[in-house]
1. Order these peptides, 256-262, 225-231, 124-130, 45-51, by their mean beta-carbon neighbour count within 10 angstrom, highest first.
2. How do the peptides 162-169, 195-202 rank, highest first, by the average count of neighbouring beta carbon atoms within 10 Å per residue?
3. Tell me, what HN-Hα J-couplings in whole Hz come from the Karplus equation 6.51 cos²θ - 1.76 cosθ + 1.60 at θ = phi - 60° for each residue of region 274-284, using x for Gly and Pro?
4. Counting other C-beta atoms within 10 Å, and keeping those with at most 14, which DSSP coil trypsin sites (Lys or Arg not before Pro) do you find in region 128-190?
5. Check which residues have an amide H placed less than 5 Å from Tyr138's amide H, if you skip close sequence neighbours.
6. Under a plain spin-label model, where a point goes 7 Å from the Cα along Cα-to-Cβ, how far apart in nm are Leu276 and Thr127?
7. Under the rule of at least 5 residues apart or a separate chain, name every residue whose amide H is placed under 5 Å from the amide H of Val41.
8. So how far, in whole Å, is the C-alpha centre of region 210-230 from the one of region 114-189?
Amino acid sequence: MPQPMRLAALVCFACCVAMLMVSPPAGAANEEATRIGGIDVVVWTPSDGRHEHLAVVVFSHALYLCPTQSRYLTEVLADAGYLVIAPRHGDSGCSPSIRPSFWRMSGKPSPMWSDDDYRDRGEDIRTVVAALPDDPRYSTMANLEQLALVGHSLGGYTVLGLGGAWPSWRLPGVRAIVAMTPYSLPFESSEGLRHISVPVMYQAGSLDPIFTMPLEQFGYEETPAPKYLVKFPWANHMAWTDFGISSRDAIIAYMVAFLDHYVRDAPEAELLHTALPGVANLLHDSNAPLTMQQPRRTANVHAVSELH
């Protein structure tokens with residue numbers, strides 16, 4: 001579906017310039033633009049001064065957007081006790097230049113995609129994670145035994161690839177993935193989502209059918225458990241950025257509950273089995289053991305819908 005993908009990319013690009021002009025609100029988590037392992041990144045740390053042994057979240061931005069595209073999420077995650085790091089990928093509209101390449105053609109039909117497409121995004125994250133133990137600023141701050149990946153749109157594609165959807169990308173040590181309205185169509189023909197080896201939460205919106213329908217048609221089913229799919233009724237593709245205004249509280253609540261449980265070993269919150277008011281649908285399968293590959297199945301899958 002190349003045309004919708006191009007359209008989404010153009011919308012993201014149009015928003016990017018405006019995002020550059022937005023400053024973080026006073027009193028929010030500490031934000032710093034820096035470099036880690038030679039990669040330009042933005043880092044958020046808790047505003048209460050906690051700087052020791054923090055669980056790590058690496059955030060992958062959408063095509064043409066910026067590391068700061070979702071401050072409302074990255075700041076809350078930092079103040080929830082996470083070290084949040086967002087690399088600036090080479091396709092970012094905030095980069096000095098966007099390098100053209102056959103492997104950077106977002107409008108290419110999804111069956112033609114392979115693990116070469118946007119591989120550099122995965123390598124950015126791999127490089128940052130590998131550099132943390134030797135970086136004096138973060139060596140004692142970052143607890144890489146508690147590592148999670150979060151991504152939006154093409155960033156969702158990126159983190160799913162690192163979770164095993166592209167087996168050659170697999171990043172060891174990842175404990176959980178949150179894929180927010182990810183571009184998952186490239187994994188349909190390869191059945192790559194069957195190879196994911198960590199718990200996954202998908203978040204999607206009813207007003208974003210191009211990205212939501214593939215998750216409902218094959219993505220959720222083919223992903224091994226533990227897995228969750230939370231669908232928000234008034235969310236479009238930009239709901240997970242600072243330009244979105246719908247469902248923010250619920251988006252944050254499900255994400256933090258999921259990460260706390262699977263990354264920091266907190267007890268599983270009842271929220272992960274409950275549809276909050278304003279949630280269109282919640283699918284979850286948290287009981288089955290993880291496997292590297294899983295046949296198509298429907299057992300132990302639960303759906304919770306909002307009561308109207």
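1. In descending order of packing, they fall as 225-231, 256-262, 124-130, 45-51.
2. Averaged packing, sorted descending, gives the order 195-202, 162-169.
3. After applying 6.51 cos²θ - 1.76 cosθ + 1.60, I find 10, 8, 5, x, x, 9, 6, 7, 10, 9, 8 Hz.
4. Arg137
5. none
6. 3.6 nm
7. For Val41, whose amide H was placed from the backbone, the distant partners under 5 Å are Thr34, Arg35, Ile36, Arg88.
8. After rounding, the separation between the Cα centres reads 18 Å.
Values quoted throughout were computed directly from the atomic coordinates according to the rules given, and no laboratory measurement underlies them. Given the structure is predicted, the values throughout are model-derived calculations rather than measurements. All Cβ positions, even for glycine, are placed from backbone atoms using ideal geometry, and neighbour counts span all protein chains on display.
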